[in-house]
Amino acid sequence: MKRAVLLLNMGGPSSISEVEMFLRNMFADKYILQTNSLMRKLIGNIIVAKRLNEAQENYRQIGGKSPLLDITNSLASKISEKLGVPAYPVMRYVPPFAKDVLPKLKEQGVEELLLFSMYPHYSSTTTKSSIEDIEDALKELNWQPKIKIVGRYYNDLEYIKIQANLIEQALNGESSEDKKLIISAHGLPLDIIKKGDPYEKEITVNFELIKAELAHRGVKFKEIELAYQSKVGNGTWLEPNLSDVLRNPTNLSVLIFPIAFTIDNSETIFELDIEHREIAEKIGYDWYKVAKCPNDSDEFREFIVNKIEKLS
């Protein structure tokens with residue numbers, strides 16, 4: 001049976017000109033703005049008009065684009081080489097879209113799609129949205145290949161070990177005992193959580209498992225705290241907010257670990273390593289570092305390959 005692997009993610013603009021597309025598609029997503037279609041369009045237009053110039057400037061500060069697609073392409077190549085099966089990124093809000101990738105696979109005679117969510121934690125705003133996007137594109141094509149899905153792995157011990165390795169690598173041999181570890185997750189509005197979205201529970205479990213793995217290794221931080229980033233608007237979001245945590249320091253030596261992302265993007269490179277670093281510098285932190293995501297590392301490649309092989 002001819003198979004293909006699809007790596008599902010929200011994507012990131014590959015140029016300044018793609019920033020508007022990214023924002024418009026994101027705020028047109030019924031799982032991001034959970035209201036009726038007319039209100040979603042109205043609110044989306046207001047948000048895009050308000051945020052576009054600032055967002056474009058943010059991307060200029062990190063080289064004019066998100067690194068997400070380049071890193072994911074590299075990872076896909078490594079997976080394809082290891083599995084002997086083609087692997088492709090499919091992004092939700094910017095190219096390559098499902099509607100662009102899937103027709104080519106149909107033409108190639110692919111019979112089975114192996115979907116790997118690049119989100120470790122399941123949420124309607126991420127995993128569900130991406131999987132439904134694939135399903136909608138398949139309906140448009142009138143194509144019904146077999147589908148198998150890796151939809152979450154926040155509690156997989158091998159993935160926890162990868163996360164702990166990234167934290168240790170960020171320390172780069174320095175002592176952890178005088179430092180605070182802030183594990184930062186992308187935030188969500190509380191309204192979405194109250195509707196039954198499992199994201200917060202899965203983040204909390206992941207957080208506790210990382211703490212347990214670090215303790216098992218004898219890596220002791222003075223303090224470990226979970227916080228949430230990327231709040232938009234005036235609504236009530238998951239707390240504590242990372243910027244508030246940084247502005248009320250209990251320790252001036254801080255390592256930030258982005259728990260919710262597998263690939264570095266504007267939220268890790270700009271938001272955490274530029275915006276939040278500025279907060280830390282103004283307050284007078286003496287040590288501030290942001291750990292990397294798994295990205296296209298060999299160990300993350302091996303993890304994905306093993307999960308996909310178990311689907312077969």
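THR35 fulfils the conditions (1) of a type in the set (Ser, Thr, Tyr); (2) without any contact (Cβ under 8 Å) to a residue 40 or more places away in the chain; (3) in contact with a Gly (Cβ under 6 Å, 6 or more places away or on another chain) except for a single criterion, (3). Can you find a residue in the stretch 296-312 that is under 15 Å from ALA185 (Cα atoms) and either surrounded by 21 or more Cβ atoms within 10 Å (Cβ to Cβ) or under 12 Å from the mean Cα position of the chain (by Cα) (or both)? Checked against the condition, which is being under 15 Å from ALA185 (Cα atoms) and either surrounded by 21 or more Cβ atoms within 10 Å (Cβ to Cβ) or under 12 Å from the mean Cα position of the chain (by Cα) (or both), the stretch 296-312 yields no hits at all. At least 3 residues being farther than 30 Å from GLN34 by Cβ and free of Cβ contacts under 8 Å to residues at least 40 places away in the same chain is the threshold, and among the helices (runs of 4 or more DSSP H) wholly inside the stretch 154-257 those reaching it are 199-217. Kindly evaluate THR204 against the criterion of being within 18 Å of the chain's Cα centre (by Cα) and farther than 19 Å from LEU171 by Cβ. When the stated conditions are applied, THR204 passes them. When we screen PHE261, PHE257, PHE300 for residues that are among the hydrophobic types (A, V, I, L, M, F, W, C) and closer than 15 Å to SER66 by Cα, the only hit is PHE261.
Let's see how each residue does on (1) under 20 Å from the mean Cα position of the chain (by Cα); (2) within 30 Å of GLU81 (Cα to Cα):
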residue: ALA4; (1), (2): no, yes
residue: SER15; (1), (2): yes, yes
residue: LEU23; (1), (2): yes, no
residue: ILE32; (1), (2): yes, no
residue: THR35; (1), (2): no, no
residue: LYS41; (1), (2): no, no
residue: LYS50; (1), (2): no, no
residue: TYR59; (1), (2): yes, no
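Restricting LEU255, LEU272, LEU246 to residues that are modelled with pLDDT of 95 or more, touching a strand residue (DSSP E or B) at 6+ places or on another chain (Cβ under 8 Å), under 22 Å from TYR199 (Cβ atoms) and surrounded by 18 or more Cβ atoms within 10 Å (Cβ to Cβ) narrows the list to LEU272.
Every residue, every condition in (1) among the charged types (D, E, K, R); (2) in contact with a His (Cβ under 8 Å, 6 or more places away or on another chain); (3) modelled with pLDDT of 95 or more; (4) buried (at least 18 other Cβ atoms within 10 Å of the Cβ), yes or no:
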residue	(1), (2), (3), (4)
LEU166	no, no, yes, yes
SER176	no, no, yes, yes
LYS179	yes, no, yes, yes
ILE182	no, no, yes, yes
GLY187	no, no, yes, yes
GLU202	yes, yes, yes, yes
LEU209	no, no, yes, yes
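The values are calculated or read from the model by the stated rules, or taken from the named source; none is laboratory data. These figures come from a predicted structure and were not determined experimentally. Methodologically, a virtual Cβ is constructed for each residue, glycine included, from the backbone with ideal geometry; neighbour enumeration extends over all protein chains shown.
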